[in-house]
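The values are calculated or read from the model by the stated rules, or taken from the named source; none is laboratory data. Given the structure is predicted, the values throughout are model-derived calculations rather than measurements. We place every Cβ from the backbone using ideal geometry, glycine too, and count neighbours over all the protein chains shown. These accessible areas exclude ligands, DNA and RNA; they are computed on the full protein's heavy atoms, side chains included. Shrake-Rupley method; radii C 1.70, N 1.55, O 1.52, S 1.80 Å.
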Amino acid sequence: MEAVAEGLWGLADYHEKKGEIGKAVKCLEAICQSHASFLPIVEVKTRLRIATLLLRHSHNVNHAKSHLERSQLLLNSIPSCFDLKCRTYSLLSQCYHLVGAIPPQKQILYKALHLTSAAAPDVSVKLWCCNFNSQLANALIIEGDYQNSIATLESGYVSATQICYPELQMFFVASILHVRLLMQWDDQTAVEVERALHRCDQVWETIPSDRRTHCLGLLFYNELLHIFYRLRVADYKNAVKHVDKLDAAIKQDSNNMQQRHQLTLELNALNQSLSRSDLPSRERSALSARQARLQGQLTHVTTTSSTSVGNDALEPTYFGNARRALQDKLFLAPPPINGEWLPKSAVYALVDLMVTIFGRPKGNFKECDKRIKSGMHIIQEELVRLGITDGVREVDLQHSAIWMAGVYLMLLMQFLENKVAVELTRSEFLEAQEALVQMKNWFTRFPTILQACESIIEMLRGQYAHSVGCYNEAAFHYVEAAKALDLIGPVYRMKDSFAGLREEASILFAYGLLLMKQQDLQEARNRLAKGLQIAHVQMGNLQLVSQYLTILGNLALVLHDTGQAREILRSSLTLAKKLGDIPTQIWVLSVLTGLFQQLGERGNEMENDEYRRKKFDELQKRLADSRSSIHHIELIDKVKIQVQQFHELDMKRIMAGQSVRVNLDIPESVGLSTPMPVLSSSKLVDLDTGRRGKRKL
């Protein structure tokens with residue numbers, strides 16, 4: 001019977017290489033469904049292979065889980081087969097993770113770690129130990145058990161250290177920084193965050209420079225975490241250095257991918273020519289030499305731009321993503337982990353977002369427009385790959401695709417939020433409307449996944465209403481934004497600190513205005529000068545600098561320091577023009593008119609006032625256009641966004657129904673040739689805020 005199994009395995013290989021996954025699975029299932037007896041190890045290997053195919057090429061997580069659970073039962077009676085047991089435990093853990101079954105995932109991982117603790121401490125055992133500790137830490141994070149998650153990651157770091165594997169050490173210390181930075185940072189743990197940050201720097205330096213070129217995924221992971229840290233402490237100057245480093249790495253990787261693509265095309269054409277039987281020997285010799293050179297170049301480009309992974313490596317699941325080519329992945333660690341934090345496309349979009357976030361306050365709107373378009377194009381392509389096209393809503397998503405869809409949708413909302421901010425700054429109200437309506441529409445289609453965006457949308461509606469002079473409506477939406485944040489905040493563990501530079505600069509601005517009203521002019525000047533220094537030197541926010549300068553210019557005018565007032569106001573006007581900030585330009589021009597009146601410069605006063613009226617008329621036209629738009633009333637209306645909410649009980653019932661249909665002994669190849677029937681309720685099983693809100697992202 002072993003010969004029969006070998007034959008069916010070979011036939012399955014043949015069909016898989018041809019892309020006929022359904023036929024490959026049928027060949028393998030013939031072994032599991034046979035009335036003849038096969039050795040338990042043959043059945044285990046077959047079921048493991050079926051599960052791998054299902055996870056790689058379909059959304060059949062439950063059927064893959066059934067095969068793996070059956071394999072686990074069979075392996076319990078076999079004393080050896082360490083590697084098979086580890087592969088089974090790892091894939092089964094991933095299945096439980098995908099369906100949101102965290103308690104059984106933890107149980108299987110504890111069992112796997114017990115297995116590794118009883119085995120000889122060789123390299124392969126330590127690698128599997130790293131694998132299981134990594135998955136267990138992620139499961140603990142989902143449950144909000146951050147302390148034990150960090151302890152588990154520390155255990156993985158110890159195993160990596162024992163086998164002198166700096167890349168794996170870097171993976172674990174970066175993961176520890178991730179937990180401390182994004183999920184457990186408060187006033188009491190700030191020192192631990194800084195310590196974790198420095199630890200990452202130290203471990204990264206221990207990786208030999210020639211091996212760092214193979215660690216692109218770790219580079220992006222580490223640098224992005226450093227950026228997030230700098231953002232949290234408002235150290236924008238040093239954050240930009242990391243953004244520039246990532247941007248340069250992306251450009252280099254893109255060039256490598258283009259070069260690899262071109263070499264592949266040339267090599268394919270060359271192979272086609274060499275396949276001719278009538279090719280003269282001299283020409284064949286020349287083409288063969290060129291073939292060898294091209295293969296060498298292709299090998300060099302491939303090995304210097306990505307982690308080398310064997311064909312038989314255990315590939316992780318990608319939350320419903322289509323299987324990706326090796327060059328399209330950013331591996332965080334070597335086999336048998338190979339996991340990604342985010343797919344390369346998401347990281348590319350995230351870097352575009354970082355460039356936008358740091359460029360917008362400086363008025364680099366041309367570059368911001370370019371990055372917003374680039375990032376949104378990447379995201380739209382990935383959403384289509386996930387099946388999210390026009391008309392698709394939350395209820396239509398495959399369960400295994402929900403998490404990755406959430407990643408791209410949240411990135412999309414961030415880009416749209418920045419677009420709204422850019423357009424409002426330069427008084428392009430119609431463009432701002434369009435972006436804000438897009439945000440609103442995405443939210444109504446995916447209200448559970450994007451529930452954290454509700455307060456952002458309400459805040460932007462308030463900012464739009466305020467910009468177009470609808471102050472009562474603006475106040476309504478600001479209040480609603482605060483209510484939404486109160487509801488979502490505890491779920492997502494959002495924390496806000498009023499010790500940051502942004503908050504300090506805003507407080508100093510408001511305090512300076514108050515002191516001016518109280519006629520404490522010298523103290524007002526001191527406070528405003530301090531706020532200006534923060535806005536200019538540490539934040540680099542030109543819009544805020546322009547507004548500070550306008551206030552200070554007005555203050556100098558009140559103090560009859562006309563020379564300084566003229567200089568300050570001209571600087572403010574220059575910045576406002578660069579930003580396209582028409583309201584601030586009008587404000588500055590009004591103050592300048594008062595200055596020229598005080599100095600008796602009638603000609604400058606008339607010229608300045610004429611320009612002010614021109615900008616005022618331009619602003620009024622833009623306001624009139626925005627108010628006549630079909631979206632204006634929709635956006636300012638004193639009504640919260642109405643969405644259809646799905647009950648958790650209904651969602652749980654769907655998963656229960658799917659689990660009941662699983663047959664452990666005779667599974668079927670559903671989902672490979674024909675889609676699963678559409679269910680009447682939501683497929684967002686287990687997407688409850690208590691779990692998904694704490695996922696490791």
note = Over the stretch 23-41, the set of residues open to solvent by 60 Å² or more (accessible area, probe 1.4 Å) and assigned to a loop (DSSP other than H, G, I, E, B) is 33, 35, 37, 39
ask   = Here is a list of conditions, (1) part of a helix (DSSP H, G or I); (2) of a type outside the set (A, V, I, L, M); (3) closer than 29 Å to residue 535 by Cβ, and residue 185 meets all of them except one; can you say which number that is?
value = (1)
inquiry  = Looking at the stretch 531-543, I want the residues that are assigned to a helix (DSSP H, G or I) and have a partner that is surrounded by fewer than 21 Cβ atoms within 10 Å (Cβ to Cβ) and of a type outside the set (A, V, I, L, M, F, W, C) with Cβ atoms under 6 Å, at least 6 apart or on another chain. Which pairs are those?
reply    = 542/362
request  = List the helices (runs of 4 or more DSSP H) that sit entirely inside the stretch 449-517 and contain at least 1 residues that are assigned by the TED database to the domain that holds residue 616 and either modelled with pLDDT of 85 or more or among the aromatic types (Phe, Trp, Tyr) (or both).
outcome  = 501-517
note = The residue that is most open to solvent (accessible area, probe 1.4 Å), considering only those in the stretch 600-631 that are closer than 30 Å to residue 465 by Cβ and small (Gly, Ala, Ser), is 628
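Are any residues in the stretch 127-155 open to solvent by 40 Å² or more (accessible area, probe 1.4 Å) and part of a helix (DSSP H, G or I), and if so, which ones? Don't jump to the end; show me each part of the working.
Taking the stretch 127-155 first, the residues open to solvent by 40 Å² or more (accessible area, probe 1.4 Å) are 143, 145, 147-148, 151, 154-155.
Correct list: 147, 148, 151, 154, 155.
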key: Among residues of the stretch 224-275, those that are polar (S, T, N, Q), within 23 Å of the chain's Cα centre (by Cα) and open to solvent by 60 Å² or more (accessible area, probe 1.4 Å), counted   = 2
request  = Just need a number here: residues in the stretch 471-483 that are surrounded by fewer than 19 Cβ atoms within 10 Å (Cβ to Cβ) and either under 17 Å from residue 424 (Cβ atoms) or among the hydrophobic types (A, V, I, L, M, F, W, C) (or both).
outcome  = 5
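Any residue at all in the stretch 32-47 that's under 17 Å from residue 105 (Cβ atoms) and assigned by the TED database to the domain that holds residue 4?
no
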ask   = Out of all the residues in the stretch 511-526, which are open to solvent by less than 80 Å² (accessible area, probe 1.4 Å) and touching a residue at least 12 places away in the same chain (Cβ under 8 Å)?
value = 512, 513, 515, 516, 521, 524, 525
message = For the stretch 47-61, give me each residue that is crowded, with 24+ Cβ neighbours inside 10 Å and either free of Cβ contacts under 8 Å to residues at least 24 places away in the same chain or in a helix (DSSP H, G or I) (or both).
response = 47, 50, 51, 54, 55, 61
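Given the structure, is residue 538 under 17 Å from residue 235 (Cβ atoms), out of contact with any Cys (no Cβ under 6 Å at 6 or more places or on another chain) and open to solvent by 60 Å² or more (accessible area, probe 1.4 Å)? Before you say what the answer is, go through the steps one by one.
Numbers: under 17 Å from residue 235 (Cβ atoms): yes; out of contact with any Cys (no Cβ under 6 Å at 6 or more places or on another chain): yes; open to solvent by 60 Å² or more (accessible area, probe 1.4 Å): yes.
It is true that residue 538 is under 17 Å from residue 235 (Cβ atoms), out of contact with any Cys (no Cβ under 6 Å at 6 or more places or on another chain) and open to solvent by 60 Å² or more (accessible area, probe 1.4 Å).
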inquiry  = When you scan the stretch 587-599, do you find a residue that is under 28 Å from residue 431 (Cα atoms), without any contact (Cβ under 8 Å) to a residue 24 or more places away in the chain and open to solvent by 20 Å² or more (accessible area, probe 1.4 Å), even just one?
reply    = yes
query = Would a scan of the stretch 382-405 turn up a residue that is part of a helix (DSSP H, G or I), modelled with pLDDT under 95 and within 21 Å of residue 622 (Cβ to Cβ)?
reply = no
